[in-house]
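Peer 1: Dropping a structure here in structure tokens format, bear with me for questions.
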Amino acid sequence: MIKSEIRSMVFNMLQKLDKEARYHPRFLDSVVEKCLNEMLWEMYALDSLSLQRYTVTYGRTALTVVPVSYEATTQLYYSTLPAKIIPFPDKCSGCRRIHTVIQSGLRFLPADFREMDLVRSSSYYKEVTDKILYAVDQTRVEYYGMTVAVAAAGVRMDIIQPFSQYADTDTVLIPEFRDQEGLSFDDRVKRKLSTIPPVDLSEDTDETIKTTK
């Protein structure tokens, strides 16, 4: 289902909660995003490998290849994340996989920043030539063992991005499972929306919150 269709589906569900449909579209998007994030975290807890299905790949075409830059002050290679990510508690975080643009024998392995420092201080660090370590923060990925050739070509990245990062025409996969309470995606959205009253726009455009007596 594409993003605009999901928004339309949620809007239509609102007719039972708010017949005048006065929820702002951006608010609806934020509720959808929160529900999707929760479901992806639950999937991670059950089986982190299952997240790969929900990644978005950057770098399949020449226009979307993720560039690798060199920072002279720190002498580090890095890439700015091509989109915001949903953070997860393992080393990959929201960047689940990195690979070269063209298939090669090089492997990218996730690590945390402390491990990076320990590896760099090892006397055997320069002996490893078929592996590149990467560490992820909220805005970029840092590499250890990056080669000049790979840096020049750029990399491909499989990231898990929030709902807000998709274009209206992009396909967004919704996890098809229910939680321990038996709630599906639709149920979660309805529950969140039912606890927040819509904004009542009066004739003078003042915004007041509906209350029930």
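The values are calculated or read from the model by the stated rules, or taken from the named source; none is laboratory data. Small disclaimer: the values here were computed from a predicted structure and weren't measured. All Cβ positions, even for glycine, are placed from backbone atoms using ideal geometry, and neighbour counts span all protein chains on display.
Peer 1: Just wondering, is there one or more residues in segment 30-48 that are within 16 Å of Val136 (Cα to Cα) and small (Gly, Ala, Ser)? Write out each step before concluding.
Peer 2: Start the filter on segment 30-48 by keeping residues that are within 16 Å of Val136 (Cα to Cα), which leaves none.
Within segment 30-48 (the criterion being within 16 Å of Val136 (Cα to Cα) and small (Gly, Ala, Ser)), the answer is no, since none of the residues qualifies.
Peer 1: Right, something else. Among the residues of segment 126-150, write down those that are of a type in the set (A, V, I, L, M, F, W, C) and farther than 15 Å from Leu81 by Cα. Let's see the steps before the verdict.
Peer 2: Initial filter on segment 126-150 (of a type in the set (A, V, I, L, M, F, W, C)): 128, 132-133, 135-136, 141, 146, 148-150.
Val128, Ile132, Leu133, Met146, Val148, Ala149, Val150 - these are the residues of segment 126-150 that are of a type in the set (A, V, I, L, M, F, W, C) and farther than 15 Å from Leu81 by Cα.
To keep it simple, each residue is scored yes or no on (1) touching a His at 6+ places or on another chain (Cβ under 7 Å); (2) in contact (Cβ under 8 Å) with a residue 24 or more places away in the chain; (3) farther than 30 Å from Leu14 by Cβ; (4) not in a strand (DSSP E or B).
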| position | (1), (2), (3), (4) |
| --- | --- |
| Asn37 | no, yes, no, yes |
| Ser50 | no, no, yes, yes |
| Arg60 | no, yes, yes, yes |
| Thr73 | no, no, yes, yes |
| Ile85 | no, yes, no, yes |
| Ile102 | no, yes, yes, yes |
| Leu118 | no, no, yes, yes |
| Val150 | no, yes, yes, yes |
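Peer 1: Being assigned to a loop (DSSP other than H, G, I, E, B) and loosely packed, with under 14 Cβ neighbours inside 10 Å is the filter here; which residues of segment 159-177 pass it? Working first, answer last.
Peer 2: First, the residues of segment 159-177 that are assigned to a loop (DSSP other than H, G, I, E, B): 160-162, 166-170, 172-177.
Matches in segment 159-177: Ala167, Asp168, Thr169, Asp170, Leu173, Glu176, Phe177.
Peer 1: Regarding Ser93, is this residue at negative phi and either at pLDDT 95 or above or of a type in the set (Ser, Thr, Tyr) (or both)? Explain how you work it out, then say what you get.
Peer 2: Values: at negative phi: no; either at pLDDT 95 or above or of a type in the set (Ser, Thr, Tyr) (or both): yes.
Criteria not met by Ser93.
Peer 1: Considering only segment 48-62, I want to know if a residue exists there that is of a type in the set (Ser, Thr, Tyr), closer than 26 Å to Asp168 by Cβ and in contact with a Pro (Cβ under 7 Å, 6 or more places away or on another chain). Explain how you work it out, then say what you get.
Peer 2: Filtering segment 48-62 down to residues of a type in the set (Ser, Thr, Tyr) leaves 48, 50, 54-55, 57-58, 61.
If we keep only those that are closer than 26 Å to Asp168 by Cβ as well, we get 54-55, 57-58, 61.
Right, trim to in contact with a Pro (Cβ under 7 Å, 6 or more places away or on another chain) and you get 58.
Yes, there is a match, as at least one residue in segment 48-62 is of a type in the set (Ser, Thr, Tyr), closer than 26 Å to Asp168 by Cβ and in contact with a Pro (Cβ under 7 Å, 6 or more places away or on another chain).
Peer 1: May I ask you to say which residue of Val10, Val31, Val68 is assigned by TED's automatic domain parsing to the domain that holds Ala153 and either surrounded by 19 or more Cβ atoms within 10 Å (Cβ to Cβ) or among the aliphatic types (A, V, I, L, M) (or both)? Steps first, please.
Peer 2: Values: Val10 fails: assigned by TED's automatic domain parsing to the domain that holds Ala153; Val31 fails: assigned by TED's automatic domain parsing to the domain that holds Ala153.
Step by step, each of Val10, Val31, Val68 is checked, and only Val68 is assigned by TED's automatic domain parsing to the domain that holds Ala153 and either surrounded by 19 or more Cβ atoms within 10 Å (Cβ to Cβ) or among the aliphatic types (A, V, I, L, M) (or both).
Peer 1: Quick check: is even one residue across segment 121-128 of a type in the set (Val, Ile, Thr), in a loop (DSSP other than H, G, I, E, B) and modelled with pLDDT of 95 or more? Steps first, please.
Peer 2: Taking segment 121-128 as the starting set, the residues that turn out to be of a type in the set (Val, Ile, Thr) are 128.
Then drop every residue that is not in a loop (DSSP other than H, G, I, E, B), which leaves 128.
When the remaining residues are screened for being modelled with pLDDT of 95 or more, the result is none.
So far as segment 121-128 goes, no, none of its residues is of a type in the set (Val, Ile, Thr), in a loop (DSSP other than H, G, I, E, B) and modelled with pLDDT of 95 or more.
Peer 1: Would you pick out the residues in segment 66-100 that are touching a strand residue (DSSP E or B) at 6+ places or on another chain (Cβ under 8 Å) and aromatic (Phe, Trp, Tyr)? Give the derivation first.
Peer 2: Taking segment 66-100 as the starting set, the residues that turn out to be touching a strand residue (DSSP E or B) at 6+ places or on another chain (Cβ under 8 Å) are 66-71, 76-83, 85, 90-100.
Within segment 66-100, Tyr70, Tyr77, Tyr78 meet the criteria.
Peer 1: Among the residues of segment 136-158, are any under 18 Å from Asn37 (Cβ atoms), modelled with pLDDT of 95 or more and surrounded by 19 or more Cβ atoms within 10 Å (Cβ to Cβ)?
Peer 2: Yes, segment 136-158 has at least one match.
Peer 1: Another question, if that's okay. Considering each of Thr61, Thr80, Thr55 in turn, give the residue that is loosely packed, with under 14 Cβ neighbours inside 10 Å and modelled with pLDDT of 95 or more.
Peer 2: None of the others qualify; the one that does is Thr80.
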